[in-house]
Each structure stands twice: as C-alpha cells, then as structure tokens.
1. Can you give me the long-range amide H partners of A:Gly41? Hydrogens built in the peptide plane at 1.01 Å from N, cutoff under 5 Å, separation of 5 or more residues or another chain.
2. Just to be sure I follow the definition: excluding the sites themselves, where is the longest run in chain A that has none of the trypsin sites (Lys or Arg not before Pro) in a DSSP loop with at most 16 other Cβ atoms within 10 Å?
3. Restrict the search to the range C:237-277; then list the chymotrypsin sites (Phe, Trp or Tyr not before Pro) that DSSP places in a loop and that have at most 16 other Cβ atoms within 10 Å of their Cβ.
4. Among A:Lys166/A:Lys309; A:Lys74/A:Lys166; A:Lys42/A:Lys166; B:Lys98/B:Lys209; B:Lys98/C:Lys73; A:Lys42/A:Lys177, which pairs are too far apart, with a Cα-Cα distance over 29 Å?
5. What value does chain A have for Rg/Rh, both radii from Cα atoms and Rh as Kirkwood defines it?
6. Let me know the whole percent of all Cα-Cα pairs from the range B:66-253 that are separated by more than 31 Å.
7. Could you state the number of Å between the C-alpha centres of the range A:278-294 and the range C:102-129?
8. Can you run phi through the Karplus equation (6.51, -1.76, 1.60; θ = phi - 60°) for the range C:182-191 and list ³J(HN,Hα) in whole Hz, with x for Gly and Pro?
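FYI, it's all coordinate maths here, none of it is from the lab. Just so we're clear, the structure is a prediction, and the values are computed from it rather than from any experiment. Counting neighbours? That spans all protein chains shown, and the Cβs are built from the backbone with ideal geometry, glycine included.
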Amino acid sequence: MAEVSVAGVTMRFGEMTALDDVSLDFVNGGFFALLGPSGSGKTTLLRVIAGFLFPQAGRVRIAGQPVERVPVEKREIGMMFQNYALFPNLTVAENVGFGLRVRHVSRAEERRRVGEALDLVQLSGLGARRPRELSGGQRQRVALARAIVTNPKVLLLDEPLSALDKALRVDMQIELKRIQREVGITTIFVTHDQEEALTLADRIGILRDGRLVQAGPPREVYNAPIDTFTARFLGEANLLPDPLPVPLPDGARLSLTSAAAHAVRPEALTLSPGPIAAAENLLPGRLVSRVFAGSMATCIVAVLGETWKVVARDRDLPQLPENTEVWLGWARADTIPIDRA
Amino acid sequence: MTGLRLAGLMWLGLVLIFLYAPILVMAAMSFNASPFYQLPFEFSARWYHDLAENAAIRNAATRSVLIAVATTIIATSLGTAAALALFRHDFRGKRLLKLLLFPPIAIPWLITGTAMLIFFFAIGLGRGTPAVLIGHVALALPYVIVVVNARLAGFDITLEEAARALGAGPWTVTRRVTLPAIAPGIVAGALFAFAVSFDQFVVSYFLSKPGDSTLPVLIYTAIRKGFTPEINAVSTLIIVTSMALMLVVARFFSFGGHR
Amino acid sequence: MAQAPIPGDGRRAAGLLAPAYLWLTLAVFLPLSAMLFFSFLTAAPFGTESPRATLENYRDFFETPTYALLLWKSIRLGLWVTLLCVLIGFPCALVLARQIRGRAREALFLLVILPFWSNSLVRVFSWAIVLRGNGVLDRTLDALLPFDVRLGLMFTPAAVVIGLVHSYLPYVILTSYLALQAIEDDIFDAARALGAGRITILRRLILPLSLPGLIAGAVLVFVPVVGSFMEPRILGGRFGTYFGTVIEDQFVAVFNWPLGAALSFILLAVVLAILGLSSPVLRRGLT
C-alpha cells in the first residue's frame with residue numbers, strides 16, 4: 001500500500017501525444033477512477049503508472065520512490081485487465097499463485113495465501129478448475145485474486161467490468177468496493193462509464209485529449225464541473241444557450257451569476273403545464289417526448305432552441321400530450337456556473 | 001532488452017540465409033559457363049539455350065504443366081462440391097468423412113505412391129500418365145476441401161436462406177450467392193492443387209512410365225546419372241515459377257499475417 | 001449447423017460428396033488395402049507365378065537384422081532432423097510472432113514459408129551444388145578463414161541431415177508461428193505485472209501454450225523424414241541407404257513387390273504409432 005504520484009508526465013507515440021503534462025496525486029488507500037472518452041489517454045496513464053510504458057518526460061512515484069524507468073515486473077503492482085488475461089494453461093490456483101511462485105514463496109505459504117485470496121473473492125473450492133470452465137464473473141474474481149495476492153503497493157484496474165453484462169456488473173461493483181475496503185489497497189481504476197466511476201471511486205480524474213481536465217471527489221466534480229465538457233461527460237447537463245436571446249420570451253425569468261456558461265442538471269428541473277410562481281428561474285418550452293423507464297421518466301423539452309432533459313420519478317411528472325407548451329423551473333442554487341465554456 | 005531483440009533478428013536473418021543461399025547459388029550456377037560449376041564465375045546463358053533445344057526436358061515440362069492443369073480443374077471442382085456438402089448438410093458420418101481427408105496428407109508419399117503402384121497394376125491400369133493424374137488429384141483433393149472449407153466457415157448461411165426466401169432454386173443459390181462469396185477460397189484451393197501436382201515427385205516417380213515422365217522425375221533421373229548444367233537451369237526455372245505462384249496464393253490468402 | 005430437413009437434402013449431399021470421396025477411395029484407400037493384402041502374398045499376382053498366402057515378408061523383416069537396423073537408422077535420422085528443425089525453427093517463429101509487427105512481419109513470414117511450396121527435389125539438388133567437394137561452400141569458407149578448409153560434406157550423413165532440415169524447417173516455423181500468434185498479448189502483460197521475467201514467461205506460458213503447434217510441426221517433419229528416400233539418394237552417396245531407399249529398391253530395382261509392401265506397412269505402423277502418441281497433445285491444442 002502506498003501513495004502514487006504522477007508529475008508532468010508526457011507520453012508521445014510518434015506524432016501522437018497521448019499524455020500531455022499530466023500531474024495527479026493518488027492518496028494512500030484511496031479508490032481513484034480515471035474517466036474519459038476513448039482516446040483520452042486514461043489507459044495510457046494507467047500503463048505509465050504500471051510500467052508498461054516509459055514516459056518521455058515527467059516523474060512517477062510509488063511510495064515516494066521515482067519509478068518512471070523501472071520496468072513493470074519490478075514495480076510491485078497488481079493489475080487487472082479488461083479481458084482478465086488469465087493464463088489458459090494454468091488452473092485457477094496456479095493462476096492466483098503465479099506471482100508468488102515468481103517471488104519464490106514456499107509452496108506451503110503459496111497454498112495458504114492462494115486459499116485466502118480465493119476466500120476473499122468467494123471462489124473457495126474452485127482452485128482446480130481451468131479458466132475456460134468459469135463464468136465471466138468468476139474469471140473476473142480470479143483476476144482480482146491474482147492481482148492482490150502478492151500484496152502489491154497499488155492495484156491498477158483497466159476497465160475490469162466492461163466485459164460483464166449489466167446486472168452482473170452492478171454486483172461486481174459492490175463486491176470490488178467491499179474487497180478494496182477490506183484490503184485497504186490504493187486502487188486506480190480506468191473506465192469510460194461515468195456511473196461506475198461515481199459509484200466506486202472516492203476521487204475521480206477526468207481526462208480529455210491527453211490532458212487532465214479536473215480531479216476531485218465525485219460529488220465536487222459533479223456539482224462544480226470546471227468546463228462544459230466535464231459537465232456533460234459526468235452526468236447529463238442542460239446548457240443555457242450562449243448568448244441568451246434578447247429579450248427573453250414572455251414570462252421567462254433568469255437569475256444568473258457572471259460565469260462563462262451555465263448548466264442545470266435534469267433532476268433539478270421542475271416541469272409544469274403552467275408558469276411556476278415560486279421558481280427563481282423559469283423558462284417556457286415545448287414538450288417533444290416522454291420516455292418511461294420504470295420508476296423514473298425522462299421528458300425531452302425544446303427550450304430556447306436547445307434540447308433539454310428533465311428526469312424525475314414517473315408519478316411526479318405530469319402526463320401531457322406531446323407538443324404542448326410547458327414551463328421549466330429551478331432554484332437559483334441549482335444553476336451550475338461553469339468557468340470555461 | 002535490445003540485445004535480445006538484436007539476437008532474435010540475427011537468428012531470423014541466419015535462417016533466411018540458410019533457406020535461400022543454396023537456391024541463389026543454384027540460380028547463379030545456372031548462368032556459369034563451366035559445366036562442372038567451376039569457379040571463377042563466368043556468365044553464360046548457354047544452359048538455357050541448351051534447355052530450349054532439349055526435347056526430352058521440353059516434353060517432360062509440357063507433360064508436367066498439362067497434368068498440373070488437369071489436376072487443378074478436377075480437384076478444384078470435386079473438392080469445392082464436397083466442401084459445400086460438408087458445410088451445408090448435417091448427417092451421420094460427417095466427422096468420419098472429414099477425418100478421412102487426413103490420411104492422404106499425413107501418410108508419407110512413399111507409402112501412398114507404392115500402394116497406388118501396386119493397386120493400379122492389379123486393376124490393369126499400370127503405369128503412365130493416366131495413373132499419375134489419378135494419383136495427383138487424390139493428393140490435391142484434401143487440400144482443396146480443407147482450404148475451401150476454411151473460407152466457407154466465414155460465410156453467412158443466412159445469405160443462402162435469404163436467396164431461397166426470394167424464390168431462388170438450389171442451383172441458382174449456389175451459382176449466384178455462394179460461389180461468388182467463396183471465390184477467393186476456391187482460387188487459393190486451385191493454386192494449392194496446382195502446386196501439389198507441379199511439385200510432386202514421389203508419387204509421379206512410382207507411377208510414370210520410363211520415357212514418359214514428368215519434369216521432377218526426369219530431373220531426379222538426371223541427377224542420379226550425374227550432374228548436368230541444363231538440369232540446373234530447368235531447376236532454377238521451376239523454383240522461380242513455384243515461388244511466383246506462392247506469392248499469388250499469398251495475395252488471396254493471408255496466412256496469419258493479419259493483426 | 002443444424003438445419004431443417006429439406007426434401008431431397010440427403011440425396012443432394014451425397015451427390016456433391018460422392019465424386020470426391022469415390023476418387024479418394026479409388027486412389028488412396030483401396031491401394032492401401034491392396035498393399036496390405038499383397039504384403040501377405042509370395043509374389044505379385046500378375047506375374048507368371050501363382051501367388052500363395054504367406055507371412056514370409058514380415059518374417060524377413062524380423063529375421064534380417066539389416067532391415068531393423070535400417071529402420072532404426074531412419075528413425076534416428078527422423079529424430080535428429082526433427083530436433084534440429086525445432087531448435088532452429090521455434091526461436092525463429094518466436095521472433096516473428098512476438099517481436100516483429102505489422103507489414104514487416106507479414107513480409108518476413110511469407111519469405112520464411114515461401115520455399116515450403118517450391119519443389120523439394122530441386123532444393124535438395126541445390127544443396128548438392130553447394131556442398132560438392134571444392135564447391136561453393138568450401139571455396140567461400142576458404143576465402144573467409146585463414147586456414148585450409150576441406151569440409152567434404154557431400155555424400156555424408158551430415159549432408160542428408162542438412163538437406164532434410166532445409167526441406168522441412170518451414171513446417172515447424174509455420175505451425176509454431178500460428179500457435180504463438182494465437183496467444184493473447186494481455187497474458188504477457190499480466191505475467192509481467194505479477195513480476196515474471198523473460199525466462200519465467202517462456203517456461204510457464206509461451207512453451208506450454210504453443211506446445212500443440214510445436215508438436216504438430218515436429219510430427220509433420222518426423223513422419224516424412226522417416227520415409228524419405230530421395231534426399232538420402234542425392235546427398236548421402238554410399239551412406240545414403242535408409243529404410244525408405246530399401247522400399248524404393250523393392251519397387252524400382254529388385255521388383256520384390258510383396259516385400260516392399262510389407263516394409264511399407266511396417267513404416268506405416270511406425271508413422272501411425274507416432275501420430276497416436278502425439279494425438280492427445282494435438283487434440284488439446286484444438287479445444
């Protein structure tokens with residue numbers, strides 16, 4: 001267990017700059033999610049931390065030691081791969097014990113620790129199976145056991161849940177969080193799924209085009225996105241048009257601060273067939289469609305030439321025919337001021 | 001790390017030298033004026049001139065090409081038909097039929113060739129060009145079936161079903177939908193068949209009549225009698241032809257070269 | 001692929017299959033059976049003598065130590081050639097599959113297996129030119145090395161081995177390459193992340209995972225080499241008598257076909273035993 005820090009890391013592949021001067025600290029025992037669209041550099045950053053890639057510039061520290069020129073096999077890390085990368089020729093127990101065997105741990109010790117690791121991921125008794133005889137969820141657990149059995153300083157996860165179907169993925173998220181707490185290992189997790197990042201991590205970092213856009217606790221990043229990209233990437237965001245039309249439509253009122261842009265979360269909006277007297281902000285719009293999704297529902301509304309979303313519990317959203325005039329209201333505190341457009 | 005990489009590349013380079021050096025030496029010697037491969041090298045196209053005038057070699061070459069073309073046509077059509085049946089239909093014994101393709105490939109040609117010799121004599125066919133042709137087709141067939149089958153594995157059977165739903169009969173479906181889709185596989189299979197026949201020595205050796213032999217058999221007889229520089233020239237021509245053919249096959253069929 | 005039965009389906013399948021399989025029966029399976037039958041006769045049934053059933057031909061093999069010795073010599077030749085092909089070819093396939101990327105790999109791979117489809121007789125002949133006494137190889141080494149070189153490799157067992165390795169090396173490279181290439185790259189990353197060095201990765205992952213391909217290549221080399229006769233004849237000179245050349249002689253020189261048939265069948269039995277022994281590993285590679 002250790003803290004990890006990355007300072008000024010730049011990684012180029014030929015002409016392409018995959019990471020551009022990225023600096024980030026990962027606290028000891030924390031669960032950190034690196035989030036970004038594909039091609040944002042999040043996997044590259046993970047591979048730089050792991051030691052598969054040596055950056056052209058910058059410093060990588062694990063437990064205070066500079067390691068940017070140390071190859072992966074000497075870094076004492078644990079890593080889980082997107083497709084698990086289990087060794088098909090070895091049994092589950094041999095897979096989990098691989099790292100211990102490399103470290104010349106005695107056979108008795110190996111058996112004991114493999115047993116403990118399999119208990120931890122609730123796969124006791126499956127040690128003699130081959131990877132191809134396991135289900136997707138079980139393989140995932142084997143990969144996790146294999147990654148942590150050597151007591152690595154840091155656990156790196158490269159989209160570990162993306163190969164699972166949705167129901168299983170939610171189960172595994174809870175499981176992963178439990179195990180991470182139990183072991184207390186510093187964990188860095190790469191995903192493109194913002195919901196997963198918000199669920200699992202206690203800190204997130206958002207990358208775009210090889211640059212770190214914003215980092216912080218999920219709630220903070222969600223509530224105070226630094227730019228419109230982050231606002232839209234992390235959750236849904238309805239953006240006010242820039243510039244605003246002058247004059248505003250009849251009956252509309254806005255109370256805004258002076259920021260580069262303003263956003264409202266879909267769940268902060270109230271939708272009503274008539275003007276809402278109490279609302280500090282109020283805009284008229286036209287209902288485009290209503291989508292039912294079990295307990296929740298989404299209304300698509302055309303507002304000031306933009307397409308906005310309103311999300312609420314189904315019974316809290318009035319049943320209205322499409323193309324009717326509606327009003328959207330929200331509190332002043334729910335307007336998210338954004339510094340960079 | 002780089003040291004190991006360098007060693008790997010050097011190893012690969014040495015293997016390539018080992019594979020190609022004798023062929024290049026042979027090709028160079030076919031242009032050497034001395035009939036006894038004497039050095040220093042003196043350029044001459046004399047052996048190629050002699051070759052053009054050597055009727056025995058010319059006849060053997062013509063026979064080899066004709067047999068290879070006939071083998072290609074017969075083996076490709078029969079093999080493609082069989083591959084289609086193995087792909088489309090499910091029946092008992094299908095696994096056995098697929099397994100039966102391996103003995104002709106796996107059993108040494110010495111055994112297959114001598115067995116053919118005995119059998120063809122027993123049924124009164126004896127040695128000669130028909131026997132050689134029958135043998136070549138039998139050797140080429142499994143290759144064609146395996147190659148076409150591999151191509152069919154990537155063929156979407158719902159295309160056939162769609163064509164049938166549109167009212168096309170079985171023959172129309174095969175001709176207008178299936179065959180065009182697997183054409184590259186058929187072409188590759190045909191080139192394999194040609195190569196198997198054209199390069200075939202062992203089976204031809206046991207089945208051809210003296211004085212009526214294919215080119216490889218003629219070369220073997222000539223080598224055993226003593227080296228002759230014309231053989232050198234014709235060997236060079238053969239190897240250039242086969243390698244050119246293989247390059248064409250490679251264009252149709254990427255051997256694990258993707259990714 | 002299970003499909004709904006169509007009227008006339010079975011007949012159509014049979015119609016498509018019959019020509020190919022009839023041909024194979026006529027030209028491969030019936031001849032092999034005929035040869036087995038012949039090996040139990042005193043003489044070929046189309047001579048003047050009337051043939052009788054006998055075990056004489058097989059007794060000949062077991063009572064004449066020369067045959068058994070030659071079979072052993074051929075098996076030893078097969079083992080040597082296979083070993084050399086594996087030792088030379090596997091590292092070569094490893095370099096191709098794991099070190100070289102993209103178009104260069106495609107081109108080099110093609111270059112390695114190109115000779116595989118060219119005439120093996122001609123390639124053996126080309127070695128005869130290179131290895132001749134005072135030939136190209138002797139001259140080149142003489143020019144490169146300060147002392148006098150007389151390799152005198154031509155017409156020795158070593159020449160036979162060189163020619164056969166040259167002929168069959170591409171098989172091992174091809175099958176090993178295909179097996180190595182099928183291994184997912186992630187596995188090596190995972191092993192490194194667990195702290196494994198090159199030797200560990202080679203011993204515990206690369207070798208076991210590519211073993212089926214390596215064994216397949218070894219079988220593809222061993223089987224034809226045990227039955228080779230053309231290579232020993234051209235390159236072996238007076239050392240060039242092997243089991244294959246004895247069989248050849250029975251058919252083209254001595255004309256003792258029943259004995260030739262019996263010897264061929266003994267060779268086939270050896271080949272089948274080898275295939276049988278290696279099939280568990282090969283089957284594991286297919287699943």
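1. Residues meeting the criterion, in which the H sits 1.01 Å from N, are A:Gly210.
2. A:130-341
3. Here the sparse-neighbourhood loop sites are C:Phe255.
4. Values: A:Lys166/A:Lys309 24 Å; A:Lys74/A:Lys166 36 Å; A:Lys42/A:Lys166 22 Å; B:Lys98/B:Lys209 33 Å; B:Lys98/C:Lys73 34 Å; A:Lys42/A:Lys177 21 Å.
Beyond 29 Å: A:Lys74/A:Lys166; B:Lys98/B:Lys209; B:Lys98/C:Lys73.
5. With Rh from the inverse mean 1/r over Cα pairs, Rg/Rh is 1.07.
6. That fraction is 27 percent.
7. When both Cα centres are located, 72 Å separates them.
8. Couplings: 6, 6, 6, 4, 3, 4, 6, 4, 4, 5 Hz.
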